[in-house]
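Notes to accompany the following structure.
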Amino acid sequence: MLDLILCVDDDPITLMLCKKVIGKSSFSNEIITAKNGEEAIHFFDNIKQNSSENETPNIPQLILLDLNMPIMGGWEFLDCFSTETYAEFNSVKVVILSSTIDPEDLNNAKKYPVVIDFLPKPVTTTMLEYLAEKIK
């Protein structure tokens, strides 16, 4: 079981479903959400600003990331998150969750070392079981 997952998606129904499925499957102790990549980047900025030397910040082990979002989409988030600025979070794994079937998106995802998989929406218990084995 993971301690913390960050779900990044602009659709409130997708976020609610994600929380429900993850909660029922006991895949993670805590699920936090962001409505777009910019909110997710701000989340990591806050961790950097608030982490003290005595306290280990609660960093998500996994990000479930949508691609098409307003303000900052998934690709822009990955471009930003993959920079030296966020190198301290390079142990965080990213799973792209998308309704796209564009082979170009699949190829693009391979450019990011943090991306461990590209899966179709919605999150299912079978998908979480698969990810649990993959993350071990």
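Residues of the range 16-36 that are more than 12 Å from the chain's Cα centre (by Cα) and either crowded, with 19+ Cβ neighbours inside 10 Å or assigned to a loop (DSSP other than H, G, I, E, B) (or both): 22, 26, 27, 28. When residues in the range 98-127 are screened for being aliphatic (A, V, I, L, M), outside any strand (DSSP E or B) and under 19 Å from residue 11 (Cβ atoms), 3 of them pass. In this structure, does residue 72 turn out to be of a type in the set (A, V, I, L, M, F, W, C), in contact with a strand residue (DSSP E or B) (Cβ under 7 Å, 6 or more places away or on another chain) and touching a residue at least 24 places away in the same chain (Cβ under 8 Å)? Considered against the rule, which asks whether it is of a type in the set (A, V, I, L, M, F, W, C), in contact with a strand residue (DSSP E or B) (Cβ under 7 Å, 6 or more places away or on another chain) and touching a residue at least 24 places away in the same chain (Cβ under 8 Å), residue 72 comes out as no.
Among the residues of the range 1-15, which ones are open to solvent by less than 40 Å² (accessible area, probe 1.4 Å) and either without any contact (Cβ under 8 Å) to a residue 12 or more places away in the chain or assigned to a helix (DSSP H, G or I) (or both)? Residues satisfying the conditions are 14, 15.
On the stretch given as the range 40-68, residues that are small (Gly, Ala, Ser) and either loosely packed, with under 14 Cβ neighbours inside 10 Å or modelled with pLDDT of 95 or more (or both) total 2. Taking every residue in the range 117-136 that is without any contact (Cβ under 8 Å) to a residue 60 or more places away in the chain and pairing it with any residue that is open to solvent by less than 80 Å² (accessible area, probe 1.4 Å) and assigned to a helix (DSSP H, G or I), at least 6 positions away or on another chain, the pairs with Cβ-Cβ distances below 7 Å are 118/106; 118/109; 119/127.
Criterion first (in contact with a helix residue (DSSP H, G or I) (Cβ under 8 Å, 6 or more places away or on another chain) and assigned to a strand (DSSP E or B)) does residue 95 satisfy it? Answer is yes for this residue. Being in contact with a helix residue (DSSP H, G or I) (Cβ under 8 Å, 6 or more places away or on another chain), β-branched (Val, Ile, Thr), open to solvent by 10 Å² or more (accessible area, probe 1.4 Å) and at pLDDT 95 or above is a property that holds for residue 71.
Within the range 87-119, if we keep just the residues that are out of contact with any strand residue (DSSP E or B) (no Cβ under 8 Å at 6 or more places or on another chain) and of a type in the set (Gly, Ala, Ser), the residue that is least open to solvent (accessible area, probe 1.4 Å) turns out to be 87.
The values are calculated or read from the model by the stated rules, or taken from the named source; none is laboratory data. Since this is a predicted model, take the numbers as computed values, not measurements. Because the Cβ atoms are built from the backbone with ideal geometry, glycine has one as well, and the counts that use them run over all protein chains shown. Please note that ligands, DNA and RNA were not included when accessible areas were found on the heavy atoms of the full protein model with its side chains. Shrake-Rupley method; radii C 1.70, N 1.55, O 1.52, S 1.80 Å.
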